[in-house]
Amino acid sequence: MALLVVAAGVLGALCPRTLTWVGGYVSWMLGLVMFGMGMTLSFGDFRRVLQEPRRVAIGVFAQFIIMPLVAYALVALFRLPPELAIGVILLGACPGGTASNVISYLARGDVALSVSMTMTTTLLAPVVTPALTYFLAGAYIEVSFSSMMLSIAEMVLAPVLLGLLVHHFCGRAAARLAPVLPLFSVVCIVLLVGGVVALSSAKLFAVGPLMALLVVLHNGFGLALGYAMARFFHMDSRQARTVSIEVGMQNSGLAASLALLYFSPAAAIPGAIFSVWHNVSGSLFANFWVRRDEKNHRKEVVWE
């Protein structure tokens with residue numbers, strides 16, 4: 001997926017006319033991606049939240065505190081202009097990304113906790129994301145809290161709940177669609193990233209390197225601070241790495257979509273770059289933990 005996203009980004013930058021049409025379908029594409037996410041959920045996932053409320057609450061708190069504050073600090077430190085500042089803050093205020101569940105599995109984390117966190121932050125997003133954006137970015141640009149809340153409800157909450165209901169009441173149809181949905185979601189995300197890059201291509205070459213640096217720092221701080229907070233609250237290694245992944249990997253597609261709908265193509269650049277980078281960093285992070293687990297296992301065998 002990362003390679004496809006990079007290819008779409010290059011195409012959007014060099015031949016913007018080929019992908020600018022995506023701008024008119026942003027909300028529909030994101031809605032289809034979230035519908036696919038809803039199709040992977042069941043009512044049993046809600047029971048997990050009730051069974052582990054403390055762990056999920058810590059993870060959700062870390063998600064909506066660490067990433068927005070890090071985004072605000074980076075904006076202030078680099079003194080970004082308003083159209084770029086709103087993009088970085090909006091990215092920080094979004095819920096966890098759907099790819100985090102796969103990365104948690106690859107990192108041998110707590111997948112049930114990962115799914116519970118993604119689901120909870122996504123369901124809270126229609127209220128929390130516009131509220132954080134309003135309070136942190138109000139000084140940079142005018143933010144419509146109510147309009148953004150309604151858009152997130154339409155693009156995220158409604159499709160997820162619809163997917164959940166289809167999965168529950170139409171199990172056989174959902175099973176037939178299950179093999180196709182991941183590919184369809186990847187196509188939508190790739191087109192979204194390419195479209196965002198195409199719409200902002202005029203400014204991309206001027207601000208791209210700076211935005212790439214900020215995205216790497218934002219993601220890195222999220223991974224590190226998420227892990228540190230989980231360990232502070234006495235979570236074990238598997239749970240801590242899961243919280244780290246959930247915090248560090250944002251729903252960048254939502255950030256880019258909202259930026260296009262309410263602000264400017266330039267504000268969508270951070271989300272587009274993040275879409276590429278967090279898949280790369282997440283894979284490297286998972287590889288680190290797998291190798292560390294194997295190394296510790298070898299030590300245990302030697303001691304025995």
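The values are calculated or read from the model by the stated rules, or taken from the named source; none is laboratory data. In this text, all values refer to a predicted model and were calculated from it rather than measured experimentally. Cβ placement follows ideal geometry from the backbone for every residue including glycine, while neighbour counts extend to all protein chains displayed. Note: accessible area is taken over every heavy atom of the protein model, side chains too, but ligands, DNA and RNA are not part of it. Shrake-Rupley method; radii C 1.70, N 1.55, O 1.52, S 1.80 Å.
Under 1.5 on a/c is rounded, so check that first for region 159-304, then, if it is not, pick prolate when a/b is larger than b/c and oblate when it is not; a ≥ b ≥ c are the square roots of the alpha carbon gyration tensor eigenvalues.
Details: a/c = 2.25, a/b = 1.27, b/c = 1.78.
Oblate, because a/c is 1.5 or more while a/b does not exceed b/c.
Sort region 104-234 into rounded, prolate or oblate with this rule: let a ≥ b ≥ c be the square roots of the eigenvalues of the Cα gyration tensor; rounded if a/c is under 1.5, and if a/c is not under 1.5, prolate when a/b is larger than b/c, oblate otherwise.
Rounded.
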So, with points 7 Å from each Cα along the Cβ direction, the Val166-Ser147 label distance in nm works out to 3.0
Probe 1.4 Å, all chains present, heavy atoms only: Phe35 accessible area in Å², nearest 10, is 50
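In deg cm²/dmol, rounded to 500, what helix-only [θ] at 222 nm does the chain give when every DSSP H run of at least 4 residues adds -39500 (n - 2.57) and the total is split over its residues? Mind showing how you got there, number by number?
Numbers: 15 runs with 244 residues, N = 304.
The per-residue figure over the chain is -26500 deg cm²/dmol.
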Residues whose built amide H sits under 5 Å from the amide H of Phe263, excluding neighbours closer than 5 in sequence, are none
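Determine the order of Asp236, Asp293 by accessible area, beginning with the largest, at a probe radius of 1.4 Å.
On the way: Asp236 70, Asp293 45 Å².
Result of the area sort, largest leading: Asp236, Asp293.
Where the accessible area of region 1-96 is counted over protein heavy atoms with a 1.4 Å probe, how much of it, in %, is carbon and sulfur? All intermediate terms of the calculation are to be shown ahead of the outcome.
Working: 3160 of 4520 Å².
Of all accessible area on region 1-96, carbon and sulfur atoms account for 70 percent.
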Inter-part gap, Cα centre of region 144-205 to Cα centre of region 39-85, in whole angstrom, is 19
Carbon plus sulfur, as percent of the 1.4 Å-probe accessible area of region 217-298, comes to 64
By the DSSP-based rule, helices of the chain that are at least 30 Å long along the axis (C-alpha) and have a mean Kyte score of at least -0.5 are 53-78, 111-137, 201-232, 269-303
The answer for the chain, accessible area per residue at 1.4 Å probe in Å², is 46
The distance between the Cα centres of region 98-124 and region 221-269, in whole Å, is 11
Checking rank on 122-133, 74-85, with mean other Cβ inside 10 Å and highest first, the result is 122-133, 74-85
